Amino acid sequence: QVQLVESGGGLVQAGDSLRLSCAASGRTLSDYSMGWFRQTPGKEREFVTHISRRGRDTYYVDSVKGRFTISRDNAKNTVYLQMNSLKPEDTAVYYCAASSRVLLGTKITEYNYWGQGTQVTVSS
């Protein structure tokens, strides 16, 4: 069992940056590949990015490529999402998730553990 807690969300203006953090407890984070998803009211939770257990492999959805960067510090049991050049359409609740799968996944069902989410609001 692993517990995940996101932080770092907030209200920013378009073009600003935010860094989200996801702190894990209960198990060693390096046992899991990690992902970030986001959700807006009335829509399904969507995949944003993920990172392999050692941090060597990452993948991003097209809409955030070149603006968002996922990273991890296994010694600190923490995963980060650096978000630059934020747009109003990035407004959502952002969730981190842990997967015990070896292969990186983009589907909700491929992740075993979820945080409670942190709100990111980008004003125009």
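The values are calculated or read from the model by the stated rules, or taken from the named source; none is laboratory data. Bear in mind that the values here come from a model prediction, so they are computed numbers and not experimental data. Please note: Cβ atoms are built from the backbone with ideal geometry, for glycine as well, and neighbour counts cover all protein chains shown. Areas reflect the complete protein model, heavy atoms only, side chains present, ligands, DNA and RNA absent. Shrake-Rupley method; radii C 1.70, N 1.55, O 1.52, S 1.80 Å.
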| Residues (touching a Phe, Trp or Tyr at 6+ places or on another chain (Cβ under 7 Å), among the polar types (S, T, N, Q), open to solvent by 50 Å² or more (accessible area, probe 1.4 Å) and more than 14 Å from Arg53 (Cβ to Cβ)) located in the range 90-124 | Thr106
| query | Of the residues that make up the range 85-102, is at least one within 20 Å of Gln3 (Cα to Cα), among the aliphatic types (A, V, I, L, M) and modelled with pLDDT under 95? | reply | yes
| Does the range 32-54 hold any residues that are touching a helix residue (DSSP H, G or I) at 6+ places or on another chain (Cβ under 8 Å), under 14 Å from Trp114 (Cα atoms) and surrounded by fewer than 19 Cβ atoms within 10 Å (Cβ to Cβ), and which are they? | Arg45
| said: When you check Ser25 against the structure, is it open to solvent by less than 60 Å² (accessible area, probe 1.4 Å), modelled with pLDDT under 95 and under 18 Å from Gly115 (Cα atoms), yes or no? | reply: yes
| remark: The condition of being within 14 Å of the chain's Cα centre (by Cα), among the hydrophobic types (A, V, I, L, M, F, W, C) and closer than 22 Å to Leu11 by Cα holds, among Val122, Val64, only for Val64
| When you go through Lys65, Lys87 one by one, which is the residue that is within 18 Å of Val122 (Cβ to Cβ) and surrounded by fewer than 13 Cβ atoms within 10 Å (Cβ to Cβ)? | Lys65
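Among the residues of the range 18-62, what is the count of those that are in a strand (DSSP E or B) and β-branched (Val, Ile, Thr)?
4
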| Condition test on Asp73, is it open to solvent by less than 80 Å² (accessible area, probe 1.4 Å), of a type in the set (Asp, Glu), modelled with pLDDT under 95 and farther than 25 Å from Glu89 by Cβ? | no
